[in-house]
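The values are calculated or read from the model by the stated rules, or taken from the named source; none is laboratory data. Only a predicted model underlies this, so the values are computations on that prediction, with no experimental measurement involved. Cβ placement follows ideal geometry from the backbone for every residue including glycine, while neighbour counts extend to all protein chains displayed. Remember, those area values only see protein heavy atoms, side chains included, never the ligands or the DNA or RNA. Shrake-Rupley method; radii C 1.70, N 1.55, O 1.52, S 1.80 Å.
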Amino acid sequence: MPRSRPLGPPATALPSLYWGVFGLYEPMLSISGFLGAMADPKKAHDAQAPWPAGGAPDGPLARATQVTMLQLAHVVGLLGLINFFVLGAARKYLFAHPALQEKIVCALLTPLLIADVVHMSITWWALGDHRWSIGEWSVLLWITFLTGLSLLVPRIAWHMGVGRYVDRRDGQASRKI
């Protein structure tokens, strides 16, 4: 009969589920967004929010708008790479030090949690009167909200200590021994 791991506190601040969401899935989304905006900045620009009657203006983007779109896409892609490398290093090199691992992961995930809330709030605000006309939302808008929630919910769960090592809770048992 296979032996199962004894019940007890989690041994890591970055279990496989969280690593999968923040170290693999989020970077994949970020790099995909970067590549999509690089391939067609106008399409990415025009899909950000519903346009007034008549739709987005025809013709190319102004140079300043195109540069802004590409720079923002670059930042999004960069954030994904930072997640991959920082969380990968924390997982690999700090596995035996879960309290330190928790502090490093928290230092990355806390500003990203704030960014999730701000990003979704700005998107919601930008919809104006169209926010309740979900049938008019673009595919990109749907993707923005669904992927935003798919990152926001696990980030909140991580901060709440769900399914991971929490030093204030789990470190106390090892200090008492």
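Checking residue 60 against (1) open to solvent by less than 40 Å² (accessible area, probe 1.4 Å); (2) in contact with a Lys or Arg (Cβ under 8 Å, 6 or more places away or on another chain); (3) free of Cβ contacts under 8 Å to residues at least 24 places away in the same chain, which single condition isn't satisfied?
It is condition (1) that residue 60 fails.
Scan segment 67-85 and give yes if some residue there is within 18 Å of residue 13 (Cα to Cα) and free of Cβ contacts under 8 Å to residues at least 12 places away in the same chain, otherwise no.
yes
Looking only at segment 126-149, count how many residues are free of Cβ contacts under 8 Å to residues at least 40 places away in the same chain and surrounded by 12 or more Cβ atoms within 10 Å (Cβ to Cβ).
6
Looking at (1) touching a Gly at 6+ places or on another chain (Cβ under 7 Å); (2) within 25 Å of residue 136 (Cα to Cα), find the lone condition where residue 65 falls short.
(1)
Mind telling me which of the residues 100, 112 ends up being under 24 Å from residue 16 (Cα atoms), of a type in the set (A, V, I, L, M, F, W, C), at pLDDT 90 or above and under 19 Å from the mean Cα position of the chain (by Cα)?
On the way: 100 fails: under 19 Å from the mean Cα position of the chain (by Cα).
Only one candidate qualifies: 112.
Going through segment 17-53 one residue at a time, which ones are over 16 Å from residue 83 (Cβ atoms) and among the aliphatic types (A, V, I, L, M)? If you could, list the steps in order and put the result at the bottom.
Going through segment 17-53, the residues over 16 Å from residue 83 (Cβ atoms) turn out to be 35-53.
Passing the criteria: 35, 37, 38, 39, 44, 47, 49, 53.
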